[in-house]
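These notes are about the structure you will find just below.
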Amino acid sequence: MNVYILTLFPGMFSPVVNTSIIKRAQEQGLVRIKTVDVRGFAQDAHKTVDDYLYGGGPGMVLKPEPVFEAVDWVKQELGRQPFVVLLTPQGQTLTAGLARELAHKPDLVLISGHYEGFDERIRCLADIEVSIGDYVLTGGELAAMVVLDASIRFVPGVLGDSDSALQDSFSDGLLEGPQYTRPAEYRGLKVPDILLTGRHEDITRWRRKEAIRRTLRRRPELLKVADLTFEDRCLLEQVINEEKANEARGDNRGRNQTN
Ligand code: ADE
């Protein structure tokens, strides 16, 4: 997978692309990431990349020419048309599903917007506009990093354990359940007994049930669209009954943010 990041601030990406899993993915040849300095495609001696608004108004917006030129340069280098993503708070919200789709594009261009906006014609370059949430960042760079990070995890071979992306929250429409490591007890907080038994089938069932419980508690709307098996539905029914019984007993444990 080739990823080109078009930005006015290429330096922001160095720590992200040269650390941990993204760094390893490049070393293994699974992804090639290039940051492209849009300013390098400015048309004048002053390297101007933004300009005042036609019709008046505060601030400056990103000019179209350097961005169009930068995308042309990428196309020429690749010898084919990449899939172009424009980061903007007006785009469709990033989900695990979209990240997975992007991970299967052979050539991806991520265009980071300008903090005061961009010329409308830049939208013509994009196959898709993506937002990382309903808030406005000072630029599209952090959003591009989020899209890059979330997508790269789905590139086959990037995560050590080949199916760990499939066990993550959202990958099957549910939140991930609780996880524990040693020690078995810390400051009176105990690891659930079932996890210490070595009974793998029971443990798998418990994990699934707790993923369902956590989703029910925190994001019940996800359960309406999750792809649940018959066994999942039985577990959900058990969880609902247990939760009702807890409530009737006035047991509020697990209703806080740690569960
Ligand atoms: N640029 C500024 N805010 C953004 C957001 N929320 N998502 C994507 N790009 C952005």
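The values are calculated or read from the model by the stated rules, or taken from the named source; none is laboratory data. What you are looking at is a predicted structure, and each value in this text was computed from that prediction instead of being measured. Cβ atoms come from the backbone with ideal geometry, glycine included; neighbour counts cover every protein chain shown.
Put simply, of Ala25, Ala42, Ala99 the only residue that is buried (at least 20 other Cβ atoms within 10 Å of the Cβ) and farther than 21 Å from Ser131 by Cα is Ala25.
You will find that of Leu142, Leu175, Leu166, Leu159, the residue that is more than 10 Å from the ligand (Cβ to nearest atom) and in a helix (DSSP H, G or I) is Leu166 and no other.
Based on what the data block shows, is Arg80 in the same structural domain as Val146 (by TED's automatic domain parsing) and over 21 Å from Ile122 (Cα atoms)? Spell out how you get there, then give the answer.
On the way: in the same structural domain as Val146 (by TED's automatic domain parsing): yes; over 21 Å from Ile122 (Cα atoms): no.
When the stated conditions are applied, Arg80 does not pass them.
Taking region 20-67 as the range and being of a type in the set (Ser, Thr, Tyr), within 27 Å of the chain's Cα centre (by Cα) and over 16 Å from Ala144 (Cβ atoms) as the test, only Ser20 passes.
The criterion of being in a helix (DSSP H, G or I), surrounded by fewer than 18 Cβ atoms within 10 Å (Cβ to Cβ) and more than 10 Å from the ligand (Cβ to nearest atom) does not hold for Glu116.
When the criteria are applied in full, Ile122 meets the requirement of being surrounded by 13 or more Cβ atoms within 10 Å (Cβ to Cβ) and within 15 Å of the ligand (Cβ to nearest atom). Of all residues in region 125-139, those being near the ligand (Cβ under 8 Å from one of its atoms) and outside any loop (DSSP other than H, G, I, E, B) number 2. Applying the condition of being surrounded by 19 or more Cβ atoms within 10 Å (Cβ to Cβ) and of a type outside the set (Gly, Ala, Ser) to region 76-96 and asking which residue is nearest to the chain's Cα centre (by Cα) yields Leu94.
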